[in-house]
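Some notes on the structure that comes next.
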Amino acid sequence: MRRLLLAAGLLLTAPAGAGEALSGGTFTVFEGGRAAFTTMAPALPESLQRDFAHGRTVFNRPWLAAPAQDERFIGLGPLFNRLSCVACHPRNGGGFAPATAAEPMRTMLVRLSVAGEGEHGGVRPHPAYGDQLNEEGIPGVPGEGRAVIRWRERREVLPGGEVVRLRRPQISFAGLAYGPMGRDTLISPRIAPPVFGLGLLAAVPEDDILDIAAENGGRPNRVWDAGNGRTVLGRFGWKANQPSVHQQLAGAMLGDIGITSPLFAGQNCTAAQAACRAAFPAPQPELTAGQLLALETYHLGLGVPARRGVDDPSVRRGEAVFVVAGCASCHRPTLKTGPHPSLEELGGQVIHPYTDLLLHDMGPELADGRPDFLATGREWRTPPLWGLGLRRLVEPRAGLLHDGRARTPLEAILWHGGAGKDAAAAVRRLSRDDRRALLRFLDSL
């Protein structure tokens, strides 16, 4: 039975099934504390639970540059950002931007490129600094430099007198070790996203995603699948520039920690970085096929936290506001999974991720001006909202949007432009009570 609710002066109908608690189907976990994003899904077969535990170790253990007692984790760098996966994804949650220019980027990095198309249609890396600023280097290898973030802030007053402070970042660089960056460099600051639920998103059939694109105007990205040597649908990353969990993990291991793998065997050194290229390498690949498979199993087997307070009248009212404001057009409440190539249990699930996995033009204020395969400099993949209400519990400083500028869901909404402009305008017009209900709904996810 559908509920009739009054919000924003309109008679609304809450969509049947949109408020179900089982966000991840049988991969839902009922953990509402700080372990909400690190809990193994109950549907993971017992036969894979040892691989899951092994993958959790690979995710959490720091990598080292020099010989040590545990030789499984040797091979850091030569250039890198952090020592481990968990350093950027605290408790598997999202990262945050530095609060001041003096604070280093702990869970954030800066993507780099120059104009033009790179290999297989992707970005064209900077000739001296590659496609990502690596701030750290092993002994004898200079780190590439430091990204400095400064904030410009403005106030916005909403109906009812609520004041929202909106900030946007300005990025500069200090201590560049390999020459000037160049005025034509395209830069894009990115916080680390949460890592749970990826297997379910990988199992959503491509045809379903394309049908949604025809319906709501979103665009699929088409990206290079290095393992299969062909162009396929992109699903992961802020611009949907990665085709699979497997490639996303191998790419992050190389780009963020400097760890080679069977998929990406070359070190992350440019021609301008002589010390990096001359560094004594560990046995190659540094991440074995077994470790990469275990790391993938860990990500596929993570549970999605259940929704909370789904029958709360205020949450139900906020859910209706979410739909009428137009948010559900891109933040699709319900998807269904098809067969998954390596984990049968991921298939046949009804899930509630609140994404369409598509690119949308988000307007000039969120634009980074940096194309990536088919994604333009104004387009971003719709980020999933499941687990949204738990992010600050898991990591108190967790940010929203690609550069972490938004500290609250309301700030994130107010930054929406382009395809999200009308939805943001609708939220601005809400009464104080309806806006509170909307935020209560988002906190229930």
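Please give the Cα centre distance for region 394-416 versus region 285-321, rounded to the nearest Å.
Result: 18 Å between the Cα centres.
In units of 2.2 N^0.38 Å, what is the alpha-carbon radius of gyration of region 307-445? The partial results should precede the final answer.
Values: Rg = 15.8 Å, N = 139, 2.2 N^0.38 = 14.3 Å.
My calculation over the Cα atoms of region 307-445 gives 1.10.
Helix 432-444: angle to the longest alpha-carbon principal axis of the chain, degrees 0 to 90, nearest 10?
50 degrees
Go through PRO180, LEU158, THR408 and say which Cα lies farthest out towards the positive end of the charge dipole of region 4-444; charges sit on Cβ, +1 for Lys and Arg, -1 for Asp and Glu.
LEU158
Compute the whole-percent fraction of alpha carbon pairs in region 135-276 spaced more than 22 Å apart. The partial results should precede the final answer.
Working: 5988 of 10011 pairs.
That tail contains 60 percent of the Cα-Cα pairs.
Let me know the volume per residue of the alpha-carbon convex hull for region 261-342, in Å³. Don't skip to the answer; put the middle values down first.
Numbers: hull volume 17.5 nm³, N = 82.
Taking only Cα atoms, region 261-342 has a hull volume of 213 Å³ per residue.
Tell me, what is a quarter of the convex hull surface for the C-alpha atoms of region 325-378, in nm² with one decimal? Please list the in-between numbers first.
On the way: hull surface 21.5 nm².
Quarter of the Cα hull surface area: 5.4 nm².
For the chain, give me every cysteine whose Cβ has no other Cys Cβ within less than 4.7 Å, ordered by residue number.
CYS85, CYS88, CYS327, CYS330
Cut-off is 10 Å between beta-carbons; in what order do GLU206, GLU144 appear when sorted fewest neighbours first? Walk me through the numbers on the way to the answer.
Values: GLU206 13, GLU144 29.
Listed from fewest to most nearby Cβ atoms, that is GLU206, GLU144.
Highest first, please rank the peptides 319-330, 411-422 by the mean number of other Cβ atoms sitting within 10 Å of their residues.
Working: 319-330: 23.3, 411-422: 19.6.
Taking the mean over residues of other Cβ atoms within 10 Å, the ranking is 319-330, 411-422.
When a footprinting reagent is the concern and you count Cβ atoms within 10 Å, what order do ILE212, ILE351 take, fewest first?
Sorted ascending by nearby Cβ count, the order is ILE212, ILE351.
State, to one decimal in nm, how far the label point of ASP422 lies from the label point of ASP443, with both points 7 Å from Cα in the Cβ direction.
The answer from the label model is 3.0 nm.
For each of GLU31, GLU215, count neighbouring Cβ atoms within 10 Å of the residue's Cβ, then give the residues from fewest to most. Can you show the working numbers first?
Working: GLU31 15, GLU215 11.
Placing the least packed residue first, the sequence is GLU215, GLU31.
Residues of region 404-437 with amide nitrogen under 20 Å from the 7 Å Cα-to-Cβ point of SER314?
408-413, 427-437
For a protection proxy built on the mean count of beta-carbon atoms within 10 angstrom, sort 252-261, 123-132, 274-283 highest first, please.
Numbers: 252-261: 23.3, 123-132: 20.4, 274-283: 15.1.
The most tightly packed comes first, giving 252-261, 123-132, 274-283.
Using alpha-carbon positions, what is the distance between the centroids of region 245-262 and region 149-225, in Å?
20 Å
I need the P(r) histogram for the chain: all alpha carbon pairs, bin width 10 Å from 0 out to the longest distance, whole percents.
4, 21, 32, 27, 12, 3, 0
Using a basic spin-label model with each label point 7 Å from the Cα along Cα→Cβ, how many nm lie between ARG72 and ARG432?
Label-label distance for ARG72 and ARG432, simple model: 5.6 nm.
No lab work stands behind these numbers, since they all come straight from the coordinates. If you're wondering where the values come from, they're calculated on a predicted model, not measured in any experiment. Because the Cβ atoms are built from the backbone with ideal geometry, glycine has one as well, and the counts that use them run over all protein chains shown.
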